[in-house]
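Here you go, one structure.
All of the numbers you see were taken from the coordinates with simple rules; none came from a lab. These numbers come from a predicted model, not from an experiment. Note: ideal-geometry Cβ built from the backbone for every residue, glycine included; neighbour counts use all protein chains shown.
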Amino acid sequence: MPTPAYTTLISASALRDLNDAFVVDCSHDLADPEAGQRAYASGHIPGAIFQHLDRDLAAPQNGRNGRHPLPDADAFAAHLARLGLRQDQQVVAYDRSGGAFAGRLWWMLRWLGHEAVAVLDGGWQAWVAAGGAVQTATPAPRPAGDFHRTASRAGLVQADAVQRNLTTAQHLVLDARAPERFAGEIEPIDPVGGHIPGARNRFFQTNLQADGTFKSREQLREEFTALLEDWNPRDVIHHCGSGVTGCHNLLAMMHAGLDGSLLYPGSWSEWCADPTRPVAKGRS
């Protein structure tokens, strides 16, 4: 009987029991883009490969498409196959930031149709705390895999749909950034502060416990249900600064059984690049 796939989170102990996982280190620091590569070099899960947020998990910027635009789907699938990923192989993504960056790869693989992908709950810290082995050498290249794109398991919307929603109000927009950035009180990364009018705020770190692991399914479901009120999860559009931590809220909702939400990949960095788009301020 085949082993059930992990599709949201996986514990460090469960990962240790897997024999054939495709493990990816997604560690990153927005303020120091090479910090993740250095951290990987200093120690990583044995066999894990490293994927850089800017170079591997995003396409080039053009000044209008946000800070981390999605790459071409077929090209990204081919990239993963060259790295050795096989169709239906269990993928486990992790980082050192509570899943903030690993969640991006989780969403991208679902976007390509892959079901067996999960984020390591608690990330690198949980692995080390559980006594997991540590490797410093770069793993030998794997033979190319047969991974290819299939029907997407993740929905997305573009800026024009978010713009139309300002009038139609058919979707609830949920912003994963810190409250002070959402409010426009500070903006350390993008040229404009504030948020998309009508959006609600759910700081992605709210999904985590003090030890960096995710809250229980029950607690996440209770919190998101209260935030969404009468909104169907399928009518929710997630975004953040650049389409990265918005995936964390998507992951938390799916883990809680609230499936079907959408992602606006361009997010705030794309939205605010067009001065004709409206900006709201304040925490409500």
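State which residue pairs qualify: first residue farther than 20 Å from His195 by Cβ and inside the range 249-265, second residue among the hydrophobic types (A, V, I, L, M, F, W, C) and surrounded by fewer than 24 Cβ atoms within 10 Å (Cβ to Cβ) in any location, beta carbons under 8 Å apart, and separation of 6 or more residues or different chains.
Hits for this filter: Leu251/Leu9; His255/Leu9; His255/Phe214; His255/Leu220; Ala256/Leu220; Ala256/Phe224; Leu258/Phe224; Leu258/Leu228.
Also, quick follow-up: Can you pull out the helices (runs of 4 or more DSSP H) entirely within the range 118-224 that have at least 2 residues that are under 22 Å from Ser242 (Cα atoms)?
159-168, 179-183
Report, by residue number, each residue of the range 189-228 that is touching a residue at least 60 places away in the same chain (Cβ under 8 Å) and surrounded by fewer than 16 Cβ atoms within 10 Å (Cβ to Cβ).
Scanning the range 189-228 gives Ile189, Pro191, Val192, Pro197, Gly198, Gln205, Asp211.
Going by the conditions given, is Pro60 in a loop (DSSP other than H, G, I, E, B) and more than 18 Å from Phe147 (Cβ to Cβ)?
Considered against the rule, which asks whether it is in a loop (DSSP other than H, G, I, E, B) and more than 18 Å from Phe147 (Cβ to Cβ), Pro60 comes out as yes.
Here's a check for you: in the range 236-272, which residue that is out of contact with any helix residue (DSSP H, G or I) (no Cβ under 7 Å at 6 or more places or on another chain) and in a loop (DSSP other than H, G, I, E, B) is nearest to Arg64 (Cα to Cα)?
The selected residue is Cys272.
Just to be sure I understand the filter: pairs with C-beta atoms under 7 Å, separated by 6 or more residues or on different chains, first member in the range 68-92 and closer than 17 Å to Ala151 by Cβ, second member in a helix (DSSP H, G or I). Which pairs pass?
Ala73/Trp111; Phe76/Met108
Right, something else. Kindly check whether there is at least one residue in the range 96-106 that is without any contact (Cβ under 8 Å) to a residue 40 or more places away in the chain and out of contact with any Leu (no Cβ under 6 Å at 6 or more places or on another chain).
no
Kindly indicate the residue of the range 30-45 that is in contact (Cβ under 8 Å) with a residue 12 or more places away in the chain and not aliphatic (A, V, I, L, M) and also surrounded by the fewest Cβ atoms within 10 Å (Cβ to Cβ) among those meeting that condition.
Ser42
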